[in-house]
Amino acid sequence: MAPSVPRTRVAAALRIKQITLDNQDRTIRRLRAQLATERRGLATTKKELEETQVALESSHKVIAGLTEIGLSMSKKIERMKVKKQQVRANHVECHQKFQARIHEAEDSMQAQHLIIEALVDEKDSLLQTIHGLQEANNAPVPFDGDWEEEPEEEPEEEEIEDIPLGEGEIDDE
């Protein structure tokens, strides 16, 4: 049996090597499958990353656009505020000028009223002086501006004669 022992050992060693090779082959296949899965996952992740990057760039563009719009609106709002302040200032100035004109007109009217009162008082005083002088001189009273109206003659109404009804005419009475 001696010659068969080495053969059995060689066969056992070959069998162990075969089993080891089969195990390594299975491990390699399993690792290749895992590698393919990982590559597919990596490709999916890479695609998602690219999509995310495109979306991010789009978001940056939108944000930049919105920022530009916001800045533009801020400038417009500031211009509107300045314009509103100018309008308000102009309104106040116009109001003050108008009030000043009203006060000037009121003052002028009041001065005119005082002048008129003074003239009326002076007229009355002059009339009294004139009457006093006329009475002192026994002069006739001059025309004082009052008209004496003469009674108007009323035209006489013509009497309407009764016209006799002629023959053949109908009398409704």
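The values are calculated or read from the model by the stated rules, or taken from the named source; none is laboratory data. In this text the structure is predicted, and so the values were computed from the model without any measurement. No Cβ is skipped: glycine too gets one built from the backbone with ideal geometry, and neighbour counts run over all protein chains shown. These area figures cover heavy atoms from the full protein model, side chains too; ligands, DNA and RNA do not enter into them. Shrake-Rupley method; radii C 1.70, N 1.55, O 1.52, S 1.80 Å.
Within the range 126-140, the set of residues being surrounded by 10 or more Cβ atoms within 10 Å (Cβ to Cβ), part of a helix (DSSP H, G or I) and either modelled with pLDDT under 70 or not charged (D, E, K, R) (or both) comprises LEU126, LEU127, GLN128, THR129, ILE130, HIS131, GLY132, LEU133, GLN134. With respect to the conditions (1) hydrophobic (A, V, I, L, M, F, W, C); (2) part of a loop (DSSP other than H, G, I, E, B); (3) modelled with pLDDT of 90 or more, PHE143 falls short on a single one, namely (3). Being assigned to a helix (DSSP H, G or I) and open to solvent by 100 Å² or more (accessible area, probe 1.4 Å) is a description that applies to LYS61.
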